[in-house]
1. Listed residues GLY52, GLY12; which is under 15 Å from VAL259 (Cα atoms) and touching a strand residue (DSSP E or B) at 6+ places or on another chain (Cβ under 6 Å)?
2. If you scan segment 96-130, which residues turn out to be among the polar types (S, T, N, Q) and on the phi > 0 side of the Ramachandran plot?
3. Mind checking which strands (runs of 3 or more DSSP E) fall wholly inside segment 180-283 and carry at least 3 residues that are under 30 Å from GLN329 (Cβ atoms)?
4. Checking ARG249 against (1) under 16 Å from the mean Cα position of the chain (by Cα); (2) under 30 Å from ASP291 (Cβ atoms): exactly one of these is not met. Which one?
5. From the list PHE173, PHE181, exactly one residue is aromatic (Phe, Trp, Tyr), touching a Cys at 6+ places or on another chain (Cβ under 8 Å), touching a residue at least 40 places away in the same chain (Cβ under 8 Å) and surrounded by 15 or more Cβ atoms within 10 Å (Cβ to Cβ). Which is it?
6. Does ARG302 fit the bill of being out of contact with any Gly (no Cβ under 7 Å at 6 or more places or on another chain), within 19 Å of ALA55 (Cα to Cα), surrounded by fewer than 20 Cβ atoms within 10 Å (Cβ to Cβ) and of a type in the set (Lys, Arg)?
7. Out of the residues in segment 239-268 that are of a type in the set (D, E, K, R) and surrounded by 16 or more Cβ atoms within 10 Å (Cβ to Cβ), which is modelled with the lowest pLDDT?
8. Being surrounded by 13 or more Cβ atoms within 10 Å (Cβ to Cβ) and touching a helix residue (DSSP H, G or I) at 6+ places or on another chain (Cβ under 7 Å) narrows it down to one of PHE221, PHE147, so name that one.
Amino acid sequence: MGTREHAFVVGGGPAGLVAAIALRQKGLRVTVADGSDFPRDKACGEGILPEGLAALERMKIALDPTEGRAFHGIRFVNEHSSAEAGFASRAGLGMRRISLHRQLIRGAKQVGVSILRNTPINGISSGRVFAGADSFAADWIIGADGFRSQVRRWAKLGEKKPASLRYAFRQHFACRPWTDFVEIHWAAKAQLYVTPVSNREIGVVVLSRNPRLRLQEALQFFPAVRERLTNCKATTVERGAATGNLSLRAVCSGNIALVGDASGAVDAITGEGMSLAFQQAEALAEAIAQDDLSLYAGAHSRLRRRPIWMARLLLTLQGHPKLQERVLQIFAAEPELFQRMLAVHVGHVSPFSLAAASARLGLLLLAANFS
């Protein structure tokens, strides 16, 4: 005998839990199921940008900031140059992924979300989810099962083209953060970013196209960071994950919708993953409350536009070291330009400001070429 839910969420990670909480707060009866136990750790950058925190607040989801550490902007660093820009209004929050996961599980239980652990999802059909030995009828089926989503495959919501994969490896170190910024370090074959996740710990992630380039080997390309970590003890094992820009033909079909990385991903270099997922969850709950998933499709497209643009820009810089050096020199010389582009990145100003800032950057690059 089956059970009926208003909404059934496949995937118990942060994206699925936030979507479940948002739907529950709209008055829906919601179940979340995951094939494994949780909370669980996972390789990710662990920084929530200001717009992601604002979305959580609008959904009345409170995080305990004492389990993380605020960061106040972004710093780009390479062998020769560095440039930084602060957030215009509020700070972001660095937090261990497992701490965030634990808090969201607690929040979901508090609002009455039913959570099924160790319950593999065997398939879906029109209005029904087959979970473990049971089946659930559901008015809405939400796929929040990550980059390699099974729900996406079952619903035939495939990608426009195969994602160009990169590989991320992350580890934590017992080290007092040396800055209140997230640092993105650039080298010829990789990027490395450092996120403060507490007053006593940092997360370090290396990103490259080489699936065998692990963090300890990659540190040779980032001597300044390697030196800072000399006396810092690793507090976690290294974890890896695939990343990349992934765009889908559609993010919903019938009564099925995708959220988070299941709905298409942006490369981890942007730091947008969790923030984007939380904004998508908010938009999805609003659309379901109005019984119209086309509203979600439109909102999803708008929300992805800016992060995808930023991901392409940053990956272009990675592929052209001379251009990267010139851009960093310009940002260092004109910090207000970097400030304007960062404000667009975190959603604080309109795309028109991005166009103006991009035009200014283009003129300065042209001037550098002819000087």
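The values are calculated or read from the model by the stated rules, or taken from the named source; none is laboratory data. The model shown is predicted, which means the values in this text are computed figures rather than measured ones. All Cβ positions, even for glycine, are placed from backbone atoms using ideal geometry, and neighbour counts span all protein chains on display.
1. Exactly one of GLY52, GLY12 is under 15 Å from VAL259 (Cα atoms) and touching a strand residue (DSSP E or B) at 6+ places or on another chain (Cβ under 6 Å), namely GLY12.
2. The answer is ASN118, and nothing else.
3. In segment 180-283, the matching strands (runs of 3 or more DSSP E) lie at 182-186, 191-198, 201-208.
4. That leaves (1) as the condition not met.
5. PHE173
6. yes
7. Only one residue tops the list, namely ASP267.
8. Result: PHE147 is the single residue among PHE221, PHE147 that is surrounded by 13 or more Cβ atoms within 10 Å (Cβ to Cβ) and touching a helix residue (DSSP H, G or I) at 6+ places or on another chain (Cβ under 7 Å).
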